[in-house]
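**Q** Questions regarding the structure given below will be posed in turn.
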DNA sequence: CCCAGCACGC
DNA sequence: GACGTACGTGCTGGGT
């Protein structure tokens, strides 16, 4: 049986004693117990610390806010000691909670969740799982304390500290043990640069962005809501009239039955693998001319989506303390290295349709500030040019011409000034298709042209950019040889299906072999830029705030007096984040809201 | 409670 | 004959 030294620190004397022991430690594993999973609204219930394996302390924090702040403040020297390495499992969460109690965690960071993410992006990264795999140890599960998820689950607050401290101490202890194993794994796997130079420096940036939050124009959204709800009602009645019955328009099943069984619109309808009629936007769009009800259903779907997901949902997510919306940027979700955003997802705010644009308008800067948006121009294609070393594609970018037009000119062998809009559109689809590893059939579908024409287009594409073709073949070959592909900063994606005998499964892995290094390298690059921008904003003492990242785009709320300085910092750091065979270019704009700035 | 279908972004 | 461009999150319906 393993003997551990776990202590409940429930008096001022014990706290002082713990503080003395931990003040000079070079490594400090930290964990917090809280009342919830949302860092911006969670209350602190306790803090645990570990400085050596099998030794940990737990400091309970009372519900009374003033008393809580006093206790947290007494431990500030530990958290804000810039000399000691802070180790945590999903440490961004603890940093946000602590920041809301006035403490700013300082010093180098080691997040065990992120260490495992760079090692195995597609596996799970929760502590219980990591402890089992790397330590062969079964941790106390949180459910054992507060009960299973769902109704009736207790809050950590409801439990006496005497019941919590073993669990809480174990978390800090296990996290430290995991760090000791994972740091060796990072070294063995050649993942140190990615972890120490890219992922860890990004953590405080995300803490800053999430706590900053985004301001929302609730009045504008309320107006949109009234307007769209009225329109929705009108369309609903219209649809019932056209159908000759009432039904649930939000049910794809019922829509299919009305359109194809009752009204018998179109030829033979497509079915899903569950036997339902397909009523996707693509199918409906192809039937648009055949019946007035089709357009109405599409319009209904669009409006319902906007209302349910954005217009009526966002105002409810405003944090009453800050008056802002605070998304979570998840750093350990995607297979390629991109961030994701949730609760709410602010990376899929509409921009294309007219109705959707109303929502973007409601994202506004702070008082006295302007909205600033900067985005990489064609970063993925530029990475393709760089990685493939294709002379023609590099030339197309260095010439400064519009890349899709330049591609069209080369494929169709015409002067760039003679490129028609249709030629450019097809070249653009081809450029996107290439990044995703598209097939001839897929391209034909996308462009609504014959397979013959699609084949000729792809042949022309590869003739124009022969090294791109070679790069694609090489990527698949590398995946077969090593079992993985990697980005410019050696972020790996494992592709075990690359040798599958099932052509569909293998095809999927092959497309990933092509796409993952491209998409992942773009993710690496913007992460580098974000950390450097954050660094310089602090160095210049700017009041401007970084507030959102949308894969190839960064958004800021900026005081009028800082506009010039900030724009220069952002564009400079974005464009020089990673020198390549083609220049990186960032475009930008200013406005009184996100739509105007974009 | 979970999955399917759909729709929004890059 | 089926399949056929990457990566995500969230809503609703409908079955369990």
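**Q** Test each condition in (1) within 13 Å of DNA strand B (Cβ to nearest atom); (2) under 30 Å from residue A:100 (Cβ atoms); (3) not in a helix (DSSP H, G or I) for residue A:321 and report the one that comes out false.
**A** All conditions are met except number (1).
**Q** Can residue A:427 be described as more than 16 Å from DNA strand C (Cβ to nearest atom) and without any contact (Cβ under 8 Å) to a residue 60 or more places away in the chain? Lay out the reasoning, then the answer.
**A** Numbers: more than 16 Å from DNA strand C (Cβ to nearest atom): no; without any contact (Cβ under 8 Å) to a residue 60 or more places away in the chain: yes.
Criteria not met by residue A:427.
**Q** A further question follows. Starting from residues that are within 23 Å of residue A:509 (Cβ to Cβ) and crowded, with 17+ Cβ neighbours inside 10 Å, keep the ones in the stretch A:441-453 and report whichever is farthest from DNA strand C (Cβ to nearest atom).
**A** Initial filter on the stretch A:441-453 (within 23 Å of residue A:509 (Cβ to Cβ)): A:441-446.
Pick out the ones that are also crowded, with 17+ Cβ neighbours inside 10 Å and you get A:443-444.
Details: A:443: 7, A:444: 9 Å.
So the residue we want is A:444.
**Q** Next question, about the same structure. Could we say that residue A:236 is under 22 Å from residue A:309 (Cβ atoms), free of Cβ contacts under 8 Å to residues at least 40 places away in the same chain and in contact with a helix residue (DSSP H, G or I) (Cβ under 8 Å, 6 or more places away or on another chain) here? Walk me through it before giving the result.
**A** Numbers: under 22 Å from residue A:309 (Cβ atoms): yes; free of Cβ contacts under 8 Å to residues at least 40 places away in the same chain: no; in contact with a helix residue (DSSP H, G or I) (Cβ under 8 Å, 6 or more places away or on another chain): yes.
So residue A:236 does not fit the description; no.
**Q** Ok, one more. Would you call residue A:490 under 30 Å from residue A:578 (Cα atoms) and loosely packed, with under 14 Cβ neighbours inside 10 Å?
**A** Details: under 30 Å from residue A:578 (Cα atoms): yes; loosely packed, with under 14 Cβ neighbours inside 10 Å: no.
So residue A:490 fails the test.
**Q** How many residues are touching a helix residue (DSSP H, G or I) at 6+ places or on another chain (Cβ under 6 Å), over 22 Å from residue A:242 (Cα atoms) and free of Cβ contacts under 8 Å to residues at least 60 places away in the same chain if we restrict to the stretch A:277-309?
**A** Total satisfying the criteria: 0.
**Q** Another question, if that's okay. Return the residues of the stretch A:274-285 that are within 15 Å of DNA strand C (Cβ to nearest atom), in a helix (DSSP H, G or I) and surrounded by 11 or more Cβ atoms within 10 Å (Cβ to Cβ); say none if nothing qualifies.
**A** So in the stretch A:274-285, the residues within 15 Å of DNA strand C (Cβ to nearest atom) come out as A:274-283, A:285.
Next, from what is left, pick out any that are in a helix (DSSP H, G or I): A:281-283, A:285.
Result: A:281, A:283, A:285.
**Q** Out of the stretch A:406-451, which residues are modelled with pLDDT under 90, touching a helix residue (DSSP H, G or I) at 6+ places or on another chain (Cβ under 9 Å) and away from DNA strand B (no atom under 16 Å from the Cβ)?
**A** The answer is A:439, A:440, A:441, A:443, A:444, A:447, A:449, A:450, A:451.
Conditions tested, residue by residue: (1) touching a residue at least 12 places away in the same chain (Cβ under 8 Å); (2) near DNA strand C (Cβ under 10 Å from one of its atoms); (3) within 30 Å of residue A:586 (Cβ to Cβ).
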{"position": "A:497", "(1), (2), (3)": "yes, no, no"}
{"position": "A:501", "(1), (2), (3)": "no, no, no"}
{"position": "A:506", "(1), (2), (3)": "no, no, no"}
{"position": "A:511", "(1), (2), (3)": "yes, yes, yes"}
{"position": "A:519", "(1), (2), (3)": "yes, yes, yes"}
{"position": "A:525", "(1), (2), (3)": "yes, no, yes"}
{"position": "A:530", "(1), (2), (3)": "yes, no, yes"}
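**Q** Those residues that are more than 18 Å from residue A:407 (Cα to Cα), free of Cβ contacts under 8 Å to residues at least 60 places away in the same chain and under 30 Å from the mean Cα position of the chain (by Cα), I need them from the stretch A:430-445; list them, please.
**A** Once the filter is applied, which keeps residues that are more than 18 Å from residue A:407 (Cα to Cα), free of Cβ contacts under 8 Å to residues at least 60 places away in the same chain and under 30 Å from the mean Cα position of the chain (by Cα), the stretch A:430-445 yields A:442, A:445.
The values are calculated or read from the model by the stated rules, or taken from the named source; none is laboratory data. Remember, it's a predicted structure, so these values are computed and weren't measured experimentally. Here Cβ is always computed from backbone atoms with ideal geometry, including for glycine, and neighbour counts include all displayed protein chains.
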